[in-house]
2 protein chains.
Amino acid sequence: MKKILDNPMSVANDALEGMVLSSPDVLRRIPGRRIVLRKDAPIKGKVTLVSGAGSGHEPGHVGYVGRGMLDAAAMGDVFSAPATGDVLTAIQSADGGLGVLLVLPNYGGDVLNFSLAERKSREAGIHAEHVLVNDDVAIKERSRRRGVGAAIFVEKIAGAFAERGRGGTTSLVDVKRTAETVVSNSGSMGVALAPCTIPAVGRPTFAIPEDELELGIGIHGEPGVERVKMMTADAISEYLVGRIAEDLHLASGDRAAVMARGMGGTSNMEKFIFYRDVCRHLVSRGIVPANSFVGEYTASMEMEGVHLTLLRLSDELKGLLEDPTEAPAWHSWS
Amino acid sequence: MKKILDNPMSVANDALEGMVLSSPDVLRRIPGRRIVLRKDAPIKGKVTLVSGAGSGHEPGHVGYVGRGMLDAAAMGDVFSAPATGDVLTAIQSADGGLGVLLVLPNYGGDVLNFSLAERKSREAGIHAEHVLVNDDVAIKERSRRRGVGAAIFVEKIAGAFAERGRGGTTSLVDVKRTAETVVSNSGSMGVALAPCTIPAVGRPTFAIPEDELELGIGIHGEPGVERVKMMTADAISEYLVGRIAEDLHLASGDRAAVMARGMGGTSNMEKFIFYRDVCRHLVSRGIVPANSFVGEYTASMEMEGVHLTLLRLSDELKGLLEDPTEAPAWHSWS
């Protein structure tokens, strides 16, 4: 393993420290904990949004903390759920009195720890609810689908909705409904060309020949649901657009937000070629790529590959997506 | 070679097409040419900024076209200078009547083609000047130093200065002087852990053992000026901060803008660990990391490694650095 790091056991902490140091005007850390709050939290009279996940997905989710997106994020070790106590402290520290929505990507450990924190926060008198993000169309059964790129769209859109309703005009129920609308209109799927290496483990998460591709990967270094021969960017795009468009029943005339994500080790040149080809295949189906996002957003460390998320847009969702935010990692090119 | 692409011979064109497609409100391409203009160019009554380089450095320089940064960029093949004719057309298409400043990173082919275009544009009646960016402190002799991360700071700061002076209050001479101030207060140096592969070549640009590091790399896939044993992020940061701080005579109390750049294949987790360690070593010298930029900015395709640029800040430079811009790739986290 050849990486730029100091101690394989403390990478989650060290990277989080770097992220907070780089955005001192927006982010604040609870000392000694892997919990990051927007600097001015708690915001009285605003529904609060909290998320979190394992580390290794940088810039997610710490980079999505800030006015207009998350109020707090709790981070775990590499690819491991945040501790229940950290999620609970994030909820208690960020709550502005109108309740807390947990943005919860569907992974076993995260569901367990977030659910427990949600129950405990209710016992402590804070009204918490969650939205389960399960947008990975590589898996047929909806309840088993992993949460991938759509979590970022949920954080942006529900975050903007909560921010607009600051002053008490928007309730937790409304914010949750908006978040659920994003999930039900989102689909994602990705491919990997090469695995990543978890620093504490020190060896790649899987092996794959030079002429093969993993189809239907998650974002935790795992292989996909199928291994196929290497494909061109055009063929990859056509396949992913097809799978997602069919799952979402995207029809000619629909507008979609497009998130073309690199998995961490893939060059920007490749991401932009991929994005171009995705646009072609959307347009050939009559679907309008209305808002574009090319970057990493939620990576798998240095894994090589790309992931695509499509979100069917209404006027309302498009407006919320375009609202300003101070979250340091939210950009069209990330 | 395992990459997400369609045709190894057309990657520069295909990625450029993706970049323009993703930012249709900001960018406009001259059809059939690898020239990108800000959509509303030419801007009458504003000094014009034009840059360019080989491809493979995405998001640079196309991503730095937009209000507040560049008016146009001309792009070459992978790691090859843009054609003289393209630079000339970029100048002629973007000129707003007050003259054109060429932001020219110091590489042989770029210097040749930009200089020729500069001369031809003068012959055609457009006043063009250039600023040579040569910030790579790995090379002792200033005239031989390569242009690396400082080019992005020049584009941002001189671009903001030109934008402020819109309406004719600022001349080409003033903009050039500001750009030169950025160059003379900037220094950069980087390391590589692994090479990259130029698609048309199909094999890595060099080979390096698992326990070694290239010190003092450029941004064209070349090896460094010295090969050493692998180092921790802390040791790399200490070394790079030391070399640049000494070259720039940075003293206790100085403020610096910090650009901690990944070379393309390095994970965000590693970039943030590197940034954290850079901050530590700046602070231990009494230097204040005042503005931070963690991302890629100008990559070497999927090369693994990091590059550091420091810019000594005056109040004026800091203000210009913080001015708003519409360039799609300019962010604190890129």
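The values are calculated or read from the model by the stated rules, or taken from the named source; none is laboratory data. Being a predicted model, the structure only gives us computed values, none of them experimental. For neighbour counting, all protein chains shown are included, and Cβ atoms are generated from backbone atoms with ideal geometry for every residue, glycine included. Areas reflect the complete protein model, heavy atoms only, side chains present, ligands, DNA and RNA absent. Shrake-Rupley method; radii C 1.70, N 1.55, O 1.52, S 1.80 Å.
Can you pull out every residue in segment B:1-28 that is more than 12 Å from chain A (Cβ to nearest Cβ) and surrounded by 16 or more Cβ atoms within 10 Å (Cβ to Cβ)? Listed by number, the list holds a single entry, B:Arg28.
Scanning segment A:62-79 for residues that are open to solvent by less than 10 Å² (accessible area, probe 1.4 Å), touching a residue at least 60 places away in the same chain (Cβ under 8 Å) and assigned to a loop (DSSP other than H, G, I, E, B) turns up A:Gly66, A:Gly68, A:Met69. I'd like the full set of residues that are closer than 13 Å to A:Thr325 by Cβ, among the small types (Gly, Ala, Ser) and surrounded by 24 or more Cβ atoms within 10 Å (Cβ to Cβ), limited to segment A:131-169. Across segment A:131-169, the qualifying residues are A:Ala158, A:Gly159, A:Ala162.
Scanning segment B:96-117 for residues that are part of a loop (DSSP other than H, G, I, E, B), under 23 Å from the mean Cα position of the chain (by Cα) and closer than 23 Å to B:Arg67 by Cα yields a single hit, B:Gly99.
If you check B:Pro324, B:Pro289, which single one turns out to be out of contact with any Leu (no Cβ under 9 Å at 6 or more places or on another chain), at pLDDT 95 or above and within 25 Å of A:Val20 (Cβ to Cβ)? If you could, list the steps in order and put the result at the bottom.
Numbers: B:Pro289 fails: out of contact with any Leu (no Cβ under 9 Å at 6 or more places or on another chain).
Result: B:Pro324 is the single residue among B:Pro324, B:Pro289 that is out of contact with any Leu (no Cβ under 9 Å at 6 or more places or on another chain), at pLDDT 95 or above and within 25 Å of A:Val20 (Cβ to Cβ).
For B:Arg227, indicate whether it is modelled with pLDDT of 95 or more, open to solvent by less than 20 Å² (accessible area, probe 1.4 Å) and within 14 Å of chain A (Cβ to nearest Cβ). It is false that B:Arg227 is modelled with pLDDT of 95 or more, open to solvent by less than 20 Å² (accessible area, probe 1.4 Å) and within 14 Å of chain A (Cβ to nearest Cβ).
Might you let me know whether segment A:279-293 holds any residue that is open to solvent by 40 Å² or more (accessible area, probe 1.4 Å) and closer than 30 Å to A:Ile208 by Cα? Yes. Within segment B:204-224, being open to solvent by less than 80 Å² (accessible area, probe 1.4 Å) and among the acidic types (Asp, Glu) holds for B:Asp211, B:Glu212, B:Glu214, B:Glu222. Just checking, how many residues over segment B:39-79 are more than 20 Å from B:His130 (Cβ to Cβ) and more than 13 Å from chain A (Cβ to nearest Cβ)? Number of matching residues: 6. Scanning segment A:206-236 for residues that are β-branched (Val, Ile, Thr) and not in a loop (DSSP other than H, G, I, E, B) yields A:Val228, A:Ile236.
Condition check ((1) within 14 Å of chain A (Cβ to nearest Cβ); (2) hydroxyl-bearing (Ser, Thr, Tyr)) across all residues:
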{"site": "B:Val148", "(1), (2)": "no, no"}
{"site": "B:Gly165", "(1), (2)": "no, no"}
{"site": "B:Lys176", "(1), (2)": "no, no"}
{"site": "B:Thr181", "(1), (2)": "no, yes"}
{"site": "B:Gly190", "(1), (2)": "yes, no"}
{"site": "B:Cys196", "(1), (2)": "yes, no"}
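For segment A:170-184, indicate whether the set of residues that are open to solvent by 20 Å² or more (accessible area, probe 1.4 Å), closer than 30 Å to B:Asp14 by Cα, of a type in the set (Ser, Thr, Tyr) and in a loop (DSSP other than H, G, I, E, B) is non-empty. No; the residues of segment A:170-184 include none that is open to solvent by 20 Å² or more (accessible area, probe 1.4 Å), closer than 30 Å to B:Asp14 by Cα, of a type in the set (Ser, Thr, Tyr) and in a loop (DSSP other than H, G, I, E, B).
Filtering segment A:302-332 to residues that are closer than 22 Å to A:Leu240 by Cα and buried (at least 24 other Cβ atoms within 10 Å of the Cβ) leaves A:Glu302, A:Met303, A:Glu304, A:Gly305, A:Val306, A:His307, A:Leu308, A:Thr309, A:Leu310, A:Leu311.
Take B:Lys120 and decide whether it is of a type in the set (D, E, K, R), surrounded by fewer than 19 Cβ atoms within 10 Å (Cβ to Cβ) and over 13 Å from the mean Cα position of the chain (by Cα). Full working, then the answer.
Values: of a type in the set (D, E, K, R): yes; surrounded by fewer than 19 Cβ atoms within 10 Å (Cβ to Cβ): yes; over 13 Å from the mean Cα position of the chain (by Cα): yes.
Yes; evaluated as a whole, the condition is true for this residue.
Quick check: is even one residue across segment B:278-293 touching a Ser or Thr at 6+ places or on another chain (Cβ under 8 Å), touching a residue at least 40 places away in the same chain (Cβ under 8 Å), under 15 Å from B:Met189 (Cβ atoms) and of a type in the set (A, V, I, L, M, F, W, C)? Scanning segment B:278-293 turns up at least one residue that is touching a Ser or Thr at 6+ places or on another chain (Cβ under 8 Å), touching a residue at least 40 places away in the same chain (Cβ under 8 Å), under 15 Å from B:Met189 (Cβ atoms) and of a type in the set (A, V, I, L, M, F, W, C).
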